[in-house]
Amino acid sequence: MRPIFKVLPLLAFFAALLLTPSDASLLRRAKNKTMSAKSFKVLITHPEVPQSGIDLLNENCELVRVESLPPKRSELLQKIRGVDGILWGGHEALNAEALDAAGPQLKSISTMSAGIDYVDLDEVKRRKIPLGHTPTVLDNAVADLAVGLLIAAGRRFHEGRKKIETGNWENYHLNWMLGQDVRDSVVGFYGFGGIGQAIAKRLSGFDIDQVLYTTRRRIDRETEKELNAKKVEFNELLAKSDFVVIAAPLTAATQGVFNATAFNKMKNTAVLINIARGKIVNQNDLYDALRSNRIFAAGLDVVDPEPLPPNSKLLTLDNIIILPHIGSATNRTRSDMATIAAHNVLRGLAGERMLSPAY
């Protein structure tokens, strides 16, 4: 059986949430917590967690909040003491230091993110603490942005804006500012989960020729047929793709895999898009590949480090578009992420399986 997030469309998923037993009821059934409806204490680690998640937790839990912005580690470590649950709202390291400060009574954690590379997963598992996260709900927002980056990089939006600003609008040339067509192109995906497939669905409306993808396991044949997708080895993906989209999680195996060797196998007309994690790309090698026109252009929503220093040499290039990691930054998506994270925390406190467990 596929996970619920794979099977149900987003609207149906939230409808399913409404049909499940309320988390308040689950909490009332939790062992040894019968004296008060607010007998659980939950830490909110970021002051800007959307109200949708706060309201859910506040009905049945005593809330403790980190107030500093950006959140101070010292405040977090002080306020985490003695809490039963945590809604981890930022990307601060969730590690042994934080778990030790919380104490042995901690029984439920949910991040408000899809990626959990900032979590010491082995440490959380060792302590047998349920951990939730919020994948899939952000797929559509990230996919929309990825398509925007792909078109903007391929059609030289950034360079064109700079031409206007510097008074170099040279439209008397017939071949001025020519870019790459999306139509009839081959789009390769390094990683082809929910976000990658959402991007591919959108690109089908641009009459692309084919989708190639590299993953550990083949996706189901029905989805392959729907998206005109074919699983290939990494080297074939690089050699045949007009656009290469990085949509894989950051792991020891994926870190730095897009390096000089990879760029030398790509078409010199190829466009690289990264909406996954900055460390998957060797940025020094990317700079060299773009500066030398070894590849045509790049569009990045993620970089390393974040924030990117304003004196980064990548920012000197005309053929790159860099966004400040805003893939899921829409009002609706952020609110939905907070809602799912809150449900995860409540389910963990009640000893029930989380709506979206991380493991």
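No value in this document is a laboratory result; all are computed from the given coordinates. Only a predicted model underlies this, so the values are computations on that prediction, with no experimental measurement involved. For neighbour counting, all protein chains shown are included, and Cβ atoms are generated from backbone atoms with ideal geometry for every residue, glycine included.
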Quiz prompt | MRE, 222 nm, helices only [DSSP H, n ≥ 4, -39500 (n - 2.57), over the chain, to nearest 500] | solution = -10000 deg cm²/dmol
Quiz prompt | Cα centroid of region 210-264 to Cα centroid of region 277-300, whole Å | solution = 17
Quiz prompt | Ascending count of other beta-carbon atoms within 10 Å, so fewest first, for Val137, Val232, Val271, Val302 | solution = Val232, Val302, Val137, Val271
Practice problem: List Asp84, Asp184 from most exposed to least, where exposure is judged by having the fewest other Cβ atoms within 10 Å. | Solution: Asp184, Asp84
Practice problem: Taking H placed 1.01 Å from N in the peptide plane, check which residues at least 5 places from Ile322 or on another chain put their amide H under 5 Å from its amide H. | Solution: Leu300
Exercise. Taking the Cα centre of the chain as origin, sum charge times position over the Cβ atoms of Lys and Arg (+1) and Asp and Glu (-1), and report the length of that vector in debye to the nearest 20.
Key: 900
Exercise. Amide H neighbours of Lys230 under 5 Å, at least 5 residues apart or on other chains, H built in the peptide plane: list them.
Key: Val211, Leu212, Tyr213
Quiz item: Can you give the extra length, in nm with one decimal, that the chain gains between Thr215 and Ile326 once fully stretched, where that is 0.36 nm per residue apart less the Cα-Cα distance?
Solution: 37.5 nm
Quiz prompt | Added length on full extension, which subtracts the Cα-Cα distance from 0.36 nm per residue, Glu123 to Ala93 | solution = 9.6 nm
Practice problem: Show the residues, 5+ positions off or on another chain, whose built amide H is closer than 5 Å to the amide H of Ile246. | Solution: Tyr190, Ile273, Asn274, Ile275
Quiz item: P(r) tail for the chain, what percent of Cα pairs lie past 30 Å?
Solution: 44
Self-check item: Estimated distance in nm for a label pair at Tyr359 and Lys231, the labels positioned 7 Å out from Cα along Cα-to-Cβ
Solution: 2.5
Self-check item: Selection from Gln255, Leu212, Leu63 lying farthest towards where the dipole of the chain points positive, charges on Cβ
Solution: Leu63
Practice problem: List, in the order given, every pair from Lys72/Lys162; Lys128/Lys231; Lys231/Lys279; Lys225/Lys265; Lys201/Lys265 whose Cα-Cα distance in the structure shown is over 30 Å. | Solution: Lys72/Lys162; Lys128/Lys231
Quiz item: By the gyration tensor of its Cα atoms, with a ≥ b ≥ c the square roots of the eigenvalues, what is the shape of region 238-324: rounded for a/c under 1.5, prolate for a/b over b/c, or oblate?
Solution: oblate
